[in-house]
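Chemist: There's a structure below that I have some questions on.
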Amino acid sequence: MSTTDGPSPKRERPLILHVDDSPFIAKVIKDMVLKLGCDVVSASSGEKCLLLAKERLPDAILMDAIMPNMDGYQTTAALKQDPALKDIPVIMLTGEETNKAEASGANGYLPKPVQAETLAGKLKEFIALPPAS
């Protein structure tokens, strides 16, 4: 595990961590992110997200709001309290009110169902996406 406080390691393509307990939604979002020229790593729970975030130091995290045990709000708050992870942008994917996403420390949010164009636009606010091919 890395103990780096600085920016993410240099990679050829941005790495996005997507957190969702639904395998179907995870596949849909993964396909969207891959088409944007990014790599994707997935976690099916808040607990797995915290482990993967420390291990991989993604460039951004797409966080489902509603998950069993540790929901997206709790997971985001835990990420933002960790000095090694606090600067990673977290975009909450939610059908709920956005105030709760902001209060947890999320850097932004997208309403569900997520559209490819809005996902690309929101990611561009926080990271440089590869040029379209």
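The numbers here are math on the coordinates, done by the rules we state, and not lab data. Worth saying up front: this structure is predicted, and the values here are computed from it rather than measured. Glycine also receives a Cβ, built like all others from the backbone with ideal geometry; neighbour counts cover every protein chain displayed.
Chemist: Can you run the Rg to Rh ratio on the chain? Use alpha carbon positions and the Kirkwood inverse-distance Rh.
Modeler: On the way: Rg = 13.4 Å, Rh = 14.5 Å.
With Rg and the Kirkwood Rh in hand, the quotient comes to 0.92.
Chemist: Mind ordering 17-23, 30-36 by average Cβ neighbours within 10 Å, highest first? Intermediate values should be presented prior to the final figure.
Modeler: Details: 17-23: 21.0, 30-36: 17.0.
The most tightly packed comes first, giving 17-23, 30-36.
Chemist: Skipping prolines and chain starts, which residues have an amide H placed within reach, meaning under 5 Å, of the one on residue 65, given they are 5 or more residues away or on another chain?
Modeler: Residues meeting the criterion, in which the H sits 1.01 Å from N, are 93.
Chemist: Check which residues have an amide H placed less than 5 Å from residue 108's amide H, if you skip close sequence neighbours.
Modeler: Long-range HN contacts for residue 108: 90, 92.
Chemist: While we're looking at this one, here's another question. Quick one: what do you get for segment 60-116 if you divide its Cα Rg by 2.2 N^0.38 Å?
Modeler: On the way: Rg = 10.5 Å, N = 57, 2.2 N^0.38 = 10.2 Å.
With N residues counted in segment 60-116, Rg over 2.2 N^0.38 Å equals 1.03.
Chemist: Test of understanding: ordering 47, 125, 12 by Cβ neighbours within 10 Å, fewest first, what list do you get? Intermediate results must be reported in sequence, preceding the final value.
Modeler: Numbers: 47 14, 125 11, 12 7.
Listed from fewest to most nearby Cβ atoms, that is 12, 125, 47.
Chemist: Enumerate the calculated ³J(HN,Hα) couplings along segment 41-55 in order (Karplus 6.51 cos²θ - 1.76 cosθ + 1.60, θ = phi - 60°), each rounded to whole Hz, writing x wherever the residue is Gly or Pro.
Modeler: 10, 10, 10, 9, 7, x, 4, 5, 4, 4, 5, 5, 4, 5, 6
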